[in-house]
Structures are given as C-alpha cells and as structure tokens.
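Coordinate-derived values only; no laboratory data. Small disclaimer: the values here were computed from a predicted structure and weren't measured. Glycine also receives a Cβ, built like all others from the backbone with ideal geometry; neighbour counts cover every protein chain displayed.
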Amino acid sequence: MRFTKMEGLGNDYIYLDCRNWEPPDLPGLAVRLSDRHFGVGADGLICIKPGRSGDFSMEMYNADGSRGAMCGNGIRCLAKYVYDRGLTRKTCLTIDTDAGPRGLELSVAGGRTERVTVDMGQADIFPRVEVKLAGESFSVFQVSVGNPHAVIFCDAPDRVELERLGPALEHHPALRERSNVEFAALSGQDCLTVRVWERGSGVTLACGTGACAVFAAARKLGLCGPAASVRLAGGVLTLEERERRIFLTGPARTVFEGEIGE
C-alpha cells in the first residue's frame with residue numbers, strides 16, 4: 001500500500017488514495033502509522049475519496065485514531081496532492097469534509113502547487129468561560145470552525161506549559177466539547193503568535209483551524225483588522241475576513257512517498 005507524507009508548516013499527515021479502495025480499520029491504521037518511532041510518523045492520516053457534492057472528499061483521522069472533521073493544513077496538502085498528480089487540472093476545487101464542503105484556490109508554478117487559499121467559512125464564537133485548572137484560572141473563548149477550539153489570550157505563549165495544560169484543557173468539563181487548545185498573543189500590528197495543542201495529536205507545529213479560531217476571537221476583541229498573519233512554531237499563515245467568512249492561505253509540501261509493508 002503506497003502512501004505520501006505531506007506537511008503544511010510542519011503539521012504533517014500521511015495521505016492515502018482511497019478513491020477506488022481503502023484498507024480496513026482506518027482508525028487503527030492511523031494510530032500505527034502516525035507513531036514517530038514505530039510508524040511513518042505524523043499528526044494523523046488523511047484519506048482522499050471521491051467527492052460527494054464536490055471534486056474530492058477528505059476523511060481525516062488524528063494520531064490517536066479519533067475522527068477529525070476539518071483540518072486547514074491537511075486540506076491544503078490534499079489540494080496539492082490531487083493537482084500535482086494530475087487527478088484534476090482545476091485550480092479552483094471543492095473538497096467535501098465532515099464539517100461541510102470547502103472551496104480552495106491553488107497557486108501553481110511550473111506545474112506544481114505552491115500555496116493554497118481555503119474558504120474556511122464562518123466562525124461561531126460562544127460566550128467566554130472561566131476555566132479553573134490546578135490553581136490557575138483561564139478566560140477561554142470557545143470557537144467553532146467546523147471543529148471546536150478553546151482560545152486563550154496570554155502575555156507569552158512561548159512560556160506556557162503546553163504539554164501540561166493542553167490535555168487537561170482538551171478534556172475540561174467546563175468546555176462545550178473536547179477541544180483543540182490555542183494560547184495566543186498579539187505580537188505586532190495585525191500579527192498574532194499562537195501555540196497549539198491539537199486534540200488527538202498533542203503539540204503540533206501548526207493548526208489551520210486553530211489559526212482561524214484565534215483570528216476570529218482576536219477580531220471580536222478588536223485586536224486586529226480584517227487581514228492578519230498568524231505565527232506558529234512551523235511558520236506563518238495568512239488570514240483574511242471577507243463578508244464574515246475566513247480565508248486561510250499557506251504553503252503545502254510533499255515530504256516523501258513510500259510503501260507500507262505488513
């Protein structure tokens with residue numbers, strides 16, 4: 001079974017072409033392949049399937065085997081996969097996800113996709129909640145961008161003990177549902193710095209939906225204008241709000257291809 005490893009700002013996934021066939025037990029396969037010591041190593045597994053209403057469908061599993069509804073970095077890489085391999089010649093695509101269809105615009109040079117813009121839709125922001133954890137109190141924005149996020153603004157995201165706080169906040173009963181967690185700060189004019197704990201995967205170098213959630217919360221607080229850059233450990237994403245919809249732009253890269261043995 002052949003696979004391709006791809007990444008968007010270091011948020012890496014294993015891609016399988018499942019348009020005509022798929023292996024059994026995809027959640028278990030995601031756990032086995034995502035292991036960075038005994039597997040390929042990734043933040044999860046993404047299967048490319050025929051479109052339901054769009055051009056293709058994305059089925060995503062986190063590194064722990066849990067199903068993910070949407071992934072901003074993963075969907076950009078999927079667009080690069082289908083274009084660079086000649087599965088489509090369209091540079092404007094619609095990809096079906098568990099969070100609904102998403103429109104993508106590809107920037108192509110020399111026959112290869114370099115950057116992709118994704119229409120991430122509207123963000124739903126719920127009232128802030130105060131979360132108490134290990135003697136600390138956090139003011140949390142709960143934001144949905146097709147999947148749930150807990151956004152916390154702080155002075156210095158780099159100094160946050162993310163490995164300790166991330167899993168506890170992910171499962172905290174005060175939040176609406178099991179959440180991705182972002183610690184964020186305004187680090188310049190229309191520039192946000194973010195660190196991410198991704199549910200089901202742990203600390204990741206980037207999270208596209210997380211960047212959108214932070215941008216939406218920052219817009220609500222008046223911290224930035226309708227366009228901003230979000231700096232993550234793996235690099236920078238560009239966010240723009242158009243008619244209340246969020247558009248996410250960033251790179252996509254193929255790391256390597258391989259074959260999975262028994």
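Worth pointing out:
- V40, sole failed condition from (1) surrounded by fewer than 18 Cβ atoms within 10 Å (Cβ to Cβ); (2) farther than 29 Å from Q122 by Cα; (3) in contact with a Ser or Thr (Cβ under 8 Å, 6 or more places away or on another chain): (1)
- Residue count for region 172-199, restricted to those that are assigned to a loop (DSSP other than H, G, I, E, B) and surrounded by 21 or more Cβ atoms within 10 Å (Cβ to Cβ): 2
- Criterion: at positive phi and outside any strand (DSSP E or B) - qualifying residue of G146, G210: G146
- Inter-residue pairs, beta-carbon under 8 Å, first more than 12 Å from M6 (Cβ to Cβ) and in region 66-87, second of a type in the set (S, T, Y) and in a helix (DSSP H, G or I), 6+ apart: M70/T209; G72/T209; L87/Y81
- Only one of the numbered conditions (1) in contact with a strand residue (DSSP E or B) (Cβ under 7 Å, 6 or more places away or on another chain); (2) among the basic types (K, R); (3) surrounded by fewer than 20 Cβ atoms within 10 Å (Cβ to Cβ) is not met by R159, and that is (1).
- Any hit, region 43-62, residues being in a helix (DSSP H, G or I) and within 16 Å of the chain's Cα centre (by Cα): no
- Selected residue (criterion: surrounded by the most Cβ atoms within 10 Å (Cβ to Cβ)) from residues of region 44-75 that are more than 15 Å from L93 (Cβ to Cβ) and among the hydroxyl-bearing types (S, T, Y): Y61
- Members of region 106-124 found to be in contact (Cβ under 8 Å) with a residue 40 or more places away in the chain and assigned to a strand (DSSP E or B), listed by number: T113, E114, R115, V116, T117, V118, D119, M120, G121
- Hits in region 113-141 - residues which are farther than 16 Å from C207 by Cα, out of contact with any Leu (no Cβ under 6 Å at 6 or more places or on another chain) and among the polar types (S, T, N, Q): Q122, S137, S139
- Filter result (over 14 Å from E59 (Cα atoms) and either acidic (D, E) or within 16 Å of the chain's Cα centre (by Cα) (or both)) within region 74-106: K80, D84, G103, L104, E105
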